[in-house]
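Undergrad: I am attaching a structure below and will ask some questions about it afterwards.
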Amino acid sequence: MKIAVAGIGGVGGYIGAKLCTLQPKQKITFIARGEHAQAIRENGLQIIEDNASFTAKPTHICEADEAEDVYDLLLMCVKSYSIPAMIESLRKNIDKNTVIIPFSNGVDHTETISGMVDARVMNGAVYILAHIQSPGIIRKEGKIFAAVFGGKGLQDETIYVDWLLGEAKLRTKTPPDIESALWKKYLFISAFATLTSYYDESIQSVYDQHTMETVSLLQEIVTLAWKKGIDLSSEVDKALATAASLPKDASTSMHLDFQQHRSTELETLSGYIVREAQKYALSLPVMSMMYKTLKER
């Protein structure tokens, strides 16, 4: 089976490294570029966890326009704003039998990808705290990991991918209502990406120091989800408990991107909420204010 992981950051790097344990039976390609890709070519990809580390080497590593295979499974782990360009670059490597799972932040990527290529596109989300520590090195914090995925009419494909990731010792979930599962992840990451970026503080600091604003923002997202037919009313307390349990310095990738003056997922994680609320004539004052401030920043 030919498997490609597009985007070898915290999410794709960790998943891709685990999938490398399935070689040579499975052929694993990393789609990456720059210093990070060169370091992996030379020394492999090192994963550093709290109490362990390991190094993985893919079958092949290349940039998107250099990819040659038609992939059976394509895991999209690039930042949300890079998905359209990545799909366009890999169009030659995708056919109607290719299973594509976007593991990027956001809730509308399946529609975007399905509008660009004829493939078997699932919904997907990943729970993980990980980032590129330096070229060729991924740092994963804490024990949290779960790959959540599925798609209507793709039961056989879901079962197979579930088995495949299980073989790679990756924890998976394949809920019957994948859209609700996607929004449960989105509730947390949208709220805390916005909050950590706005206050320039860690997740735990936001939870401790800005509790009222945190609860208000979570409730605003719950209100929007309800309008879209998704009940997240029981998820606010879970999100708060998760925030309280994370390592003291743990933050979000959007916060790190703001700190390092890189492109951010602001439009996916904050702007999307504001734009969707306008469709339903909803007033979401906390998110609207924070989004406006961050956009100006």
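Undergrad: Of all residues being over 23 Å from the mean Cα position of the chain (by Cα) and of a type in the set (A, V, I, L, M) in the stretch 278-297, which is surrounded by the fewest Cβ atoms within 10 Å (Cβ to Cβ)? Just the residue, please.
TA: So, considering only residues that are over 23 Å from the mean Cα position of the chain (by Cα) and of a type in the set (A, V, I, L, M), the one surrounded by the fewest Cβ atoms within 10 Å (Cβ to Cβ) is Ala281.
Undergrad: Only one of (1) within 19 Å of Val78 (Cβ to Cβ); (2) modelled with pLDDT of 95 or more; (3) hydrophobic (A, V, I, L, M, F, W, C) is not met by Val215, so which one is it?
TA: Tallying (1) within 19 Å of Val78 (Cβ to Cβ); (2) modelled with pLDDT of 95 or more; (3) hydrophobic (A, V, I, L, M, F, W, C), Val215 fails exactly one: (1).
Undergrad: Output the number of residues of the stretch 239-254 satisfying the condition of being in contact (Cβ under 8 Å) with a residue 24 or more places away in the chain and either assigned to a helix (DSSP H, G or I) or loosely packed, with under 13 Cβ neighbours inside 10 Å (or both). Break it down stepwise before answering.
TA: Of all residues in the stretch 239-254, those in contact (Cβ under 8 Å) with a residue 24 or more places away in the chain come to 239-240, 242-244, 246-254.
Checking the rest, the ones that are also either assigned to a helix (DSSP H, G or I) or loosely packed, with under 13 Cβ neighbours inside 10 Å (or both) come to 239-240, 242-244, 248-249, 253-254.
Of the residues in the stretch 239-254, 9 are in contact (Cβ under 8 Å) with a residue 24 or more places away in the chain and either assigned to a helix (DSSP H, G or I) or loosely packed, with under 13 Cβ neighbours inside 10 Å (or both).
Undergrad: What are the pairs with Cβ atoms under 8 angstrom where one residue, in the stretch 81-109, is more than 21 Å from Ala181 (Cα to Cα) and of a type in the set (Asp, Glu) and the other, located anywhere, is at pLDDT 95 or above and in a loop (DSSP other than H, G, I, E, B)? Sequence gap at least six, or different chains.
TA: Glu88/Met116; Asp95/Val70; Asp95/Asp118; Asp95/Ala119
Undergrad: Please verify whether the stretch 21-29 includes one or more residues that are within 26 Å of Arg262 (Cα to Cα), in contact with a helix residue (DSSP H, G or I) (Cβ under 8 Å, 6 or more places away or on another chain) and either in a loop (DSSP other than H, G, I, E, B) or at pLDDT 95 or above (or both).
TA: No, there is no match, as no residue in the stretch 21-29 is within 26 Å of Arg262 (Cα to Cα), in contact with a helix residue (DSSP H, G or I) (Cβ under 8 Å, 6 or more places away or on another chain) and either in a loop (DSSP other than H, G, I, E, B) or at pLDDT 95 or above (or both).
Undergrad: So, in the stretch 50-104, of the ones that are in contact with a helix residue (DSSP H, G or I) (Cβ under 7 Å, 6 or more places away or on another chain) and of a type in the set (Asp, Glu), which residue ends up surrounded by the most Cβ atoms within 10 Å (Cβ to Cβ)?
TA: In this case the residue turns out to be Asp69.
Undergrad: Among the residues of the stretch 171-223, what is the count of those that are assigned to a helix (DSSP H, G or I) and in contact with a strand residue (DSSP E or B) (Cβ under 8 Å, 6 or more places away or on another chain)? Spell out the reasoning first.
TA: Filtering the stretch 171-223 down to residues assigned to a helix (DSSP H, G or I) leaves 178-199, 203-209, 211-223.
Still in the running and in contact with a strand residue (DSSP E or B) (Cβ under 8 Å, 6 or more places away or on another chain): 178-179, 181-182, 185-186.
Here the count works out to 6.
Undergrad: So, one more: Take the residues in the stretch 99-112 that are over 15 Å from the mean Cα position of the chain (by Cα) and not polar (S, T, N, Q); name whichever of them is farthest from Ile15 (Cα to Cα).
TA: Across the stretch 99-112, the extreme among qualifying residues is Glu111.
Undergrad: Could you say whether any residue in the stretch 255-275 is surrounded by fewer than 20 Cβ atoms within 10 Å (Cβ to Cβ), over 22 Å from the mean Cα position of the chain (by Cα), touching a residue at least 40 places away in the same chain (Cβ under 8 Å) and in a helix (DSSP H, G or I)?
TA: For the stretch 255-275, residues surrounded by fewer than 20 Cβ atoms within 10 Å (Cβ to Cβ), over 22 Å from the mean Cα position of the chain (by Cα), touching a residue at least 40 places away in the same chain (Cβ under 8 Å) and in a helix (DSSP H, G or I): absent.
Undergrad: If you check Asp162, Asp156, Asp177, which single one turns out to be more than 20 Å from Gly7 (Cα to Cα), surrounded by 14 or more Cβ atoms within 10 Å (Cβ to Cβ) and either touching a helix residue (DSSP H, G or I) at 6+ places or on another chain (Cβ under 7 Å) or not polar (S, T, N, Q) (or both)?
TA: Values: Asp156 fails: surrounded by 14 or more Cβ atoms within 10 Å (Cβ to Cβ); Asp177 fails: surrounded by 14 or more Cβ atoms within 10 Å (Cβ to Cβ).
Asp162 is the lone residue from the list that is more than 20 Å from Gly7 (Cα to Cα), surrounded by 14 or more Cβ atoms within 10 Å (Cβ to Cβ) and either touching a helix residue (DSSP H, G or I) at 6+ places or on another chain (Cβ under 7 Å) or not polar (S, T, N, Q) (or both).
The values are calculated or read from the model by the stated rules, or taken from the named source; none is laboratory data. None of the values given here were measured: they were computed from a predicted structure. With ideal geometry, Cβ positions are generated from the backbone for all residues, glycine too; neighbour counts draw on all protein chains shown.
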